[in-house]
Structure formats: structure tokens, C-alpha cells
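First up is the structure itself, then whatever we jot down about it.
The values are calculated or read from the model by the stated rules, or taken from the named source; none is laboratory data. Predicted model only: the values in this text are computed from it and were never measured. Quick reminder, even Gly has a Cβ in these numbers, built from the backbone with ideal geometry, and neighbours come from all protein chains shown. Side chains are part of the model used for accessible areas, which takes the heavy atoms of the whole protein and leaves out ligands, DNA and RNA. Shrake-Rupley method; radii C 1.70, N 1.55, O 1.52, S 1.80 Å.
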Amino acid sequence: MELAWYALLGAFFAAYLVLGGYDYGVGLLLARRTTPAARRATLNAVGPFFLGNEVWLVAAVGILFGAFPTLEGELLSGLYPAVVGALVGVILVTAGVQLRSRPSGAGARAAWDRVVVVGSLLAATGWGFVLAGLLQGVPLHADGHVSGVTHLFTPFAAAAGLAVVALVAAHGATFLTLRLPDPDAGAAGRLARRLIPVALAAVGAATALGLLSEGVRAAAQRPAVGVLLLAALGAALLGARVALARRRPGVAFAATSAALALPVVLVGATLWPYALVSTVDPAASLTVADAAASEPTLRLLGWLTVPLVPALLGFQAMCWWVFRGRTDGRAPVYW
């Protein structure tokens, strides 16, 4: 049962990265939009989906608190600068998107747009640091507690943070090819094709630093699985670029979505059966079974979660169906 809940936690967080990822990618791309009309059109493309996408983060946090209370405590203790940075970014993006539309003048709207850009950068970088921190291990001692936070500030973690920023930027540009009117969608597609090699280079740099990192090598329980998943990530990005060149934005968006979900799968599969690997005392490493709540608690949570998953999926499908097509009312050629 612990494996099922761990997989569900990973699925919810991966869904959040995919859906929230294009929010943050679009937010980052606001820095390139030089006119108020262009920035408004960009935000209008993502606006109907924005708050619904954040629900997946709330659901993932709920599973973490309910099903893995021990992991939640030590995860937040050992990685709290990255978690706090990511959550501050989420709050800034939400505030910027909601408040820029209030009647307060062009200058205020431009200021809120800058808030959205900064928040998107913080959110993407923060979640990249969280994934890297898990993958390189934490100083978990025999008393079951993590000490300090300096372990988080490594070249590998910085490279992973930048890689996630590059991935969400490419994902956001690909999303815009589905939503903007044809002339603007073409420009977004060209930008996405330029950003995908940048994302590949950033992922490659993070991979190289991970291979050189003693912490990553020690924490990885299944390194071969990690290599295979990294290859799949690279293939997904290359597939997205080919699809964009052939004007198949739906295929490209599916490929960049896979590229953002795969890092979560990589962390979980590479560390299994551990949830947290100790860098100071291997015997203190926390397994998924040890981190999980008791069997009766998991069964009770199961009864609460069974109706939640189809409700979330149905809500997401409804949003995409109601707001399908481009912002000018025309339907794109997805495939």
C-alpha cells in the first residue's frame, strides 16, 4: 500500500509540474513581450487554466501530510529554503496575475507583470532545487532529523534549478502555440524551437554535474534506471522540436509535458526503496515504508481519495474542453 501512495504522490506532483509548468513558462516569457497588448494576450492564453492547475499542488501536499507525515517533516526541514522559495514564487505569480487586471494604470500593470516574471523564476528554480536535494541526499542523522541546509547549495542543485527553468520556458512557449492566434502562435513556435536546445543543454549540464557529485552517486539506488529516464527526457525534447518543425503543436506539447514529468519519476525510481537518503549515516536513510503512515490511516485516506482523483481529472478535462482552441476563437490543428 505504501508503494501505491508513493506513486500517487509522485503522479500528483508530476501533474502539478506539467500543468503549473506552462503557467510559469508563460510567466517567464512575459519578459520578452514588449507591449502591453502582447503581455495581455499572453496572459489571456493561460488565464482560464491558472487556478485549476494549482489545485494539483494542494492535492500533492495533502497526500504528503496525510500519507507520509515523517517524510513531510524531514523534507521541509532539510529543503526548506528551496520549498519556501518555490512557494513564494507561486504566491507572487498568483498575486500578479490576479491583481494586474485591476483598474490601476499601465504602470501598475507593468509592475505586476514583473512580479509574475520574478515569481515564475522563483517557482521553477525552487522546485528544481527540491528535486535535486532529494536526488543528492540530505544530512539525516540517526535521531531521524536533518541538520542544516548548506547541503542544498551545490553546483548540481543550481544546475538542476536552471534546467527546470529552461524546461518550463520551452513548455510555456509550446503551450502558447496551441492558444495564441495564428500569427503570434507561429512566433511562439519559433521561440519554442530555440528554447528546446537550451533546455537540452541545461539538462545535459545538470546530468554531468550529477555524475560528478559524490552525493548523487551515493544516493542513487538504481542508477541505470536514472540513465534510461534521462535518455527518455532527452528524446521527449527532441521529439517536441521535430513536432514543432512539422507544425504539430499538440504532439509537441505532449512531449514537453513528458519532459517535465520525467524528473519526478526519475527521483522516485532512482531512490527507491528510499524516500530520503542520508549523506552522513546510511543506516539512518528513510525508506518509503518507514515514512508512510500506519496501515489504518492509509486505508482511511484511500476512502477519501477515491472520489478526489476522478473529480480532479474531470475538472481539468472540463477546463480544457470549455476553453479549447485559440484565444481568437479559432480551433488549432493539434495533431
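Some values worked out for this structure:
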item: For segment 105-207: relative contact order, % (alpha-carbon pairs under 8 angstrom, 6 or more apart); result: 26
item: Segment 224-286 - Debye-derived log10 I(q)/I(0), Cα point model, q = 0.14, 0.17, 0.24, 0.28 Å⁻¹; result: -0.51, -0.63, -0.90, -1.04
item: Under 5 Å, built H, 5+ apart or other chain: amide partners of residue 276; result: 286
item: Segment 17-56 residues near the modelled residue 114 label - backbone nitrogen below 13 Å, point 7 Å along Cα→Cβ; result: 31
item: Dipole magnitude of the chain about its Cα centre (Cβ charges: Lys, Arg +1; Asp, Glu -1), debye to nearest 20; result: 1880
item: Largest-first principal axis extents of the Cα set of segment 225-335 (Å); result: 57, 36, 17
item: Using θ = phi - 60° and Karplus 6.51 cos²θ - 1.76 cosθ + 1.60, couplings along segment 203-218 (whole Hz; Gly, Pro as x); result: 5, x, 5, 5, 5, 4, 5, x, 5, 7, 7, 5, x, 5, 4, 6
item: Under-5 Å amide H pairs with residue 326, H placed in peptide plane, nonlocal only; result: 331
item: Helix axis angle, 249-271 relative to the chain longest principal axis, alpha carbon, degrees; result: 10
item: Extended-chain gain in nm, criterion 0.36 nm per residue less alpha-carbon gap, residue 4 and residue 208; result: 70.3 nm
item: Pairwise Cα inverse-distance average, inverted: Kirkwood Rh of segment 182-234 (Å); result: 13.0
item: Along each principal axis, Cα extent of segment 64-176, largest first, Å; result: 57, 26, 25
item: Inter-site label distance for residue 101 and residue 320 at 7 Å from Cα along Cβ, in nm; result: 2.3
item: Where N is the number of residues in the chain, Cα Rg divided by 2.2 N^0.38 Å; result: 0.99
item: Length-normalised contact order of the chain in % [C-alpha pairs under 8 Å, at least 6 apart]; result: 24
item: Rounded accessible area per residue of the chain, 1.4 Å, Å²; result: 44
item: Value of Rg to Rh for segment 1-125 (Rh from inverse mean 1/r over Cα pairs, i.e. Kirkwood); result: 1.05
item: Ordering of 63-71, 117-125 by burial proxy (mean other Cβ atoms within 10 Å per residue, highest first); result: 117-125, 63-71
item: Derived scalar couplings ³J(HN,Hα) [segment 291-298; Karplus, 6.51 cos²θ - 1.76 cosθ + 1.60; whole Hz; x for Gly, Pro]; result: 7, 6, 6, 5, 4, x, 5, 5
item: Between segment 220-279 and segment 113-176, the alpha-carbon center distance in angstrom; result: 16
item: ³J(HN,Hα), Karplus 6.51/-1.76/1.60, whole Hz, each residue of segment 133-142, x for Gly, Pro; result: x, 5, 6, 9, x, 10, x, 8, 8, 5
item: Candidates 311, 132, 284: whichever shows maximal mean-square fluctuation once the chain is modelled as a Gaussian network with Cα springs under 10 Å; result: 311
item: Kirkwood-based shape ratio for segment 176-278, expressed as Rg/Rh from alpha carbons; result: 1.09
